[in-house]
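Below: one structure, written as structure tokens.
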Amino acid sequence: MMKSKTVQLTKAFNDIDFGKFTFRPNISIKEQIRKLKKSIQTGKWNGHLSFQGFKGTFKVEYWIYIEPHLRDLSQLQRIKFVDTQLDKQHLDILFKLLTWIQPFNYELKFKQNELDDLDVQEFALSIFTYTKIKSLSIISNPGIFKGTLISKLKELQNVTLIINDDYKSIGLTTKLTQKFQDSISSNILL
């Protein structure tokens, strides 16, 4: 009897991890959208959304299907894409979503997504120009150091750029307190 409760509790934490909702490749997209909507309706969602482990399987068609369901998430605070392969089309759809819902002071984090400078350049410049973003972290994506992306990002007004060559990572923050900038610096090490 105790084992059954433990399994149920673990499953509940995986579905809605302390308010954060994570899309994963081993569950149907429709089912995950249903669970996200339910967690929002019951007040269990804290504004953190994550896409994890899709690698090469996060098709643009999935993202096109998911995006309209996310348009009413005005309480969005953080979006993370971890170990999920992305390209320019994914970023274009994400930008469209962010301009649609206009979240305030939100964070974006990309980790191990096989992004390169060409994929990221227009997206990064646009989100700091047209949305109210607090920070953008791009972690363990060596392709971002090719080309002119870093020099273009240095030209952004009211944005602090933090570079970590060892981890092939960058962090961008709107110019806020030094304490917040220090926290972003430590996060791009992970």
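Values as computed for the structure displayed
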quantity	calculated
Filter result for the condition that a residue is within 20 Å of V60 (Cα to Cα) and either at pLDDT 95 or above or not polar (S, T, N, Q) (or both), over L115, L73	L115
Scan of the range 69-105 for residues that are touching a Leu at 6+ places or on another chain (Cβ under 6 Å) and in a strand (DSSP E or B), ordered by number	I79
Close pairs (9 angstrom Cβ cut-off, 6 or more residues apart or separate chains): under 13 Å from S50 (Cβ atoms) in the range 65-80, acidic (D, E) anywhere	Q77/E107; R78/E107; I79/E107; K80/E107
The lone exception for Y65 - which of (1) crowded, with 16+ Cβ neighbours inside 10 Å; (2) assigned to a helix (DSSP H, G or I); (3) hydroxyl-bearing (S, T, Y) it fails	(1)
Candidate set: the range 108-153, residues that are surrounded by fewer than 18 Cβ atoms within 10 Å (Cβ to Cβ) and of a type in the set (D, E, K, R); chosen: the one farthest from S74 (Cα to Cα)	K146
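The values are calculated or read from the model by the stated rules, or taken from the named source; none is laboratory data. Source: prediction; values computed, not measured. Ideal geometry is used to build each Cβ from the backbone, glycine not excepted, and the neighbour counts take in all protein chains shown.
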